[in-house]
1. May I ask you to list pairs of residues, at least six apart or on different chains, whose Cβ atoms are under 8 Å apart, with the first in the range 58-87 being within 16 Å of V16 (Cβ to Cβ) and the second being of a type in the set (D, E) and part of a strand (DSSP E or B)?
2. Given the criteria touching a residue at least 60 places away in the same chain (Cβ under 8 Å), at negative phi and not acidic (D, E), does Q11 qualify?
3. Could you please give the count of residues in the range 35-59 that are over 12 Å from the mean Cα position of the chain (by Cα) and β-branched (V, I, T)?
4. Could you tell me whether S42 is of a type outside the set (A, V, I, L, M, F, W, C), modelled with pLDDT under 90 and closer than 16 Å to S86 by Cα?
5. Mind listing whichever residues of the range 1-39 are of a type in the set (A, V, I, L, M) and either modelled with pLDDT of 90 or more or not in a helix (DSSP H, G or I) (or both)?
6. Is the range 81-92 home to any residue that is of a type in the set (V, I, T) and at pLDDT below 85?
Amino acid sequence: MRTIDRILEKQCWMDVFESNHFTGRMRRIYGPVQFKSISAGSVIVGPEARVEVYGRSNGQPFKMRLEPKRLVVDLAAVLKGAKIGSAMVSCDLSAVRPKNMPGTKPQKRMANAQA
């Protein structure tokens, strides 16, 4: 296993609890990964992970983003009755990659990329 993969495994994860208030069975899910369906009562987002939850609310699609180190005690209350469809755990490689590693220089952004 590469060093960067070991670092990500320790920091890029999401803990999913089957009930709210961090009770019930818990699973740690290491990213990056995407799920077609997921059910959770509460979640903890790892220090280098970002989670996007997709679903439907009143027939309309929605997306909710959970930032690193976020704790959600009652996911159902946050979603306000919306149904979760899928979720994606992504990892922020720039936070764990050594500065002298090739390909880590910040890229310049163009403010207006009009031709």
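1. Cβ pairs passing all conditions: M64/E52; L66/E52; A87/E52.
2. On the way: touching a residue at least 60 places away in the same chain (Cβ under 8 Å): yes; at negative phi: yes; not acidic (D, E): yes.
Yes: the conditions hold for Q11.
3. Taking the range 35-59 as the starting set, the residues that turn out to be over 12 Å from the mean Cα position of the chain (by Cα) are 36-42, 55-59.
Retained after the next criterion (residues that are β-branched (V, I, T)): 38.
Residues flagged as over 12 Å from the mean Cα position of the chain (by Cα) and β-branched (V, I, T) within the range 35-59 amount to 1.
4. Numbers: of a type outside the set (A, V, I, L, M, F, W, C): yes; modelled with pLDDT under 90: no; closer than 16 Å to S86 by Cα: yes.
Here the answer is no, as S42 does not meet what is asked.
5. To start, the set of residues in the range 1-39 that are of a type in the set (A, V, I, L, M) comprises 1, 4, 7-8, 14, 16, 26, 29, 33, 38.
M1, M14, V16, M26, I29, V33, I38, listed by residue number.
6. First pass over the range 81-92, keeping only residues of a type in the set (V, I, T): 84, 89.
Now drop any that are not at pLDDT below 85, which leaves 84.
Yes: one or more hits.
The values are calculated or read from the model by the stated rules, or taken from the named source; none is laboratory data. As the structure is a computational prediction, the values presented were derived from the model and not from experiment. A quick note on method: Cβ atoms are made from the backbone with ideal geometry, for glycine too, and the neighbour counts reach across all protein chains shown.
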